[in-house]
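Heads up: the structure comes next, in structure tokens.
The values are calculated or read from the model by the stated rules, or taken from the named source; none is laboratory data. It should be emphasised that the depicted structure is a prediction, and the values quoted were computed from it without experimental measurement. Glycine also receives a Cβ, built like all others from the backbone with ideal geometry; neighbour counts cover every protein chain displayed.
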Amino acid sequence: MNNLVAIVPLLVLASTQGVLTGIFGAPNIVATMIASRAMGPRRALVLSTLAQLLGPFMFGVAVASVVGSEVVDTHGLTPRVLYAALSGTILWMIFSWYVRIPSSSTHAVIGGLVGAVFAALGPSAIHSAGLLKVLLSLTISAPIGILGGFLMVRLCYWLTQNATPRINRRFNQGQLVASFGLGLAIGSINAQNAMGVVALGLVLTGFLPHFEIPTWVVALTAVGLAVGNMIGGMRLIRTMGTRFFQVRPIHGFSAEVASTIILIVSSLIGGNVSTTHVTGLSIVGAGAAERPSMVRWNFVGHVLLTWALTIPLTAVVASLVYFALKELGIQ
């Protein structure tokens, strides 16, 4: 019974984090479709919701294994640490959503976990190699996203150099497939962050003999993403879709294809990249391939600064939550 009491709050927090992640993930999938007029907002949102629901089942759990078993030392952890990690993540995500900051849920989860563990067990409990692996993945995802969008636009222009303006219709049709694939890839990576924390909690409370990801945990995170995608996805569409530059069909298609390839490869090899980084900066790369002056670089700089601050700020919040829970006697 005590173990059940300990795991229920963790599942509630993980589900809440999944819903919020779905809210952040929706613009990354549908913004370019809507901005380029390939699909209306309602149809785009339905398509992205279905993709978010199916994505966590599609590309393995390598990222979840990194989050749950390679970043922090599991010896000495208690459910309170995981409560603090997820609570810190949730608080930061709510704040950034409220002030309309395009923050990254991946950064927030890593920051929350590191901050809570640091507060509870000190720096020795942080695996430097695992954390460096995650930080490296997050860092290189930015230039890879820009390069991917840039090269894909150039390739599309080369392949269609003799085409008439009617080719835009083909690009819009291609976006339907590309956006669904992108939704699957985003769902896979975003869900795995919560999966890793939940599986770690199941091990700590004795529900699992060793670290693994049960199918029902995958389903739990998938439903959370889908619900969040449906109820709140439209809020940030304008931020991610039109403030970088005016998106045309070729840009939307190219950015989505590039993002999908990068995210699927990352999911399969365990690279914990930020889906917000990759999708947002693929759009930037697509615009830069057309003409660098098209991109609103001041806004891009603001977004990058926000992403850079997410991990340390979420870590601080999670640390404070941990000490608060400790004072309240919550184990």
Among (1) more than 17 Å from the chain's Cα centre (by Cα); (2) touching a residue at least 12 places away in the same chain (Cβ under 8 Å), there is one condition LEU50 misses while meeting the rest; what is its number?
(1)
First in the range 149-164 and modelled with pLDDT under 85 and in a helix (DSSP H, G or I), second anywhere and of a type in the set (Gly, Ala, Ser) and surrounded by 15 or more Cβ atoms within 10 Å (Cβ to Cβ), Cβ under 8 Å, 6 or more apart
none
Are any residues in the range 2-46 within 21 Å of GLY111 (Cβ to Cβ), modelled with pLDDT under 75 and either touching a Cys at 6+ places or on another chain (Cβ under 6 Å) or among the small types (Gly, Ala, Ser) (or both), and if so, which ones?
GLY25
Taking the range 227-259 and keeping residues within 26 Å of ALA14 (Cβ to Cβ), modelled with pLDDT of 65 or more and crowded, with 24+ Cβ neighbours inside 10 Å leaves GLY228, ASN229, SER259
If we scan the range 160-170, do we find a residue that is surrounded by 17 or more Cβ atoms within 10 Å (Cβ to Cβ) and under 22 Å from ARG291 (Cβ atoms)?
yes
Just wondering, is there one or more residues in the range 57-71 that are part of a helix (DSSP H, G or I), over 27 Å from LEU325 (Cβ atoms) and modelled with pLDDT of 85 or more?
yes
List the pairs whose first member sits in the range 272-286 and is closer than 28 Å to VAL197 by Cα and buried (at least 24 other Cβ atoms within 10 Å of the Cβ), whose second member is among the aromatic types (Phe, Trp, Tyr) and at pLDDT below 80, and whose Cβ atoms are under 8 Å apart, counting only residues at least 6 apart or on separate chains?
SER274/TRP307; THR276/PHE24; THR276/TRP307; HIS277/TRP307; GLY280/PHE244
Tell me the residue from LEU77, LEU91 that is of a type outside the set (Gly, Ala, Ser), surrounded by 18 or more Cβ atoms within 10 Å (Cβ to Cβ) and either farther than 26 Å from GLY280 by Cβ or at pLDDT 80 or above (or both), please.
LEU77
Give the residue, chosen from LEU136, LEU132, LEU121, that is of a type outside the set (Asp, Glu), surrounded by 17 or more Cβ atoms within 10 Å (Cβ to Cβ), more than 23 Å from VAL19 (Cα to Cα) and free of Cβ contacts under 8 Å to residues at least 60 places away in the same chain.
LEU121
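So that you can scan it fast, the table gives a plain yes or no per residue for (1) over 24 Å from the mean Cα position of the chain (by Cα); (2) more than 27 Å from TRP307 (Cα to Cα):
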| residue | (1), (2) |
| --- | --- |
| VAL117 | no, no |
| ALA125 | yes, no |
| LEU131 | no, no |
| SER137 | no, no |
| GLY149 | no, no |
| TYR157 | yes, yes |
| GLN161 | yes, yes |
| GLY183 | no, no |
| GLY187 | no, no |
Residues (crowded, with 22+ Cβ neighbours inside 10 Å and β-branched (Val, Ile, Thr)) located in the range 43-65
THR49, VAL61, VAL63
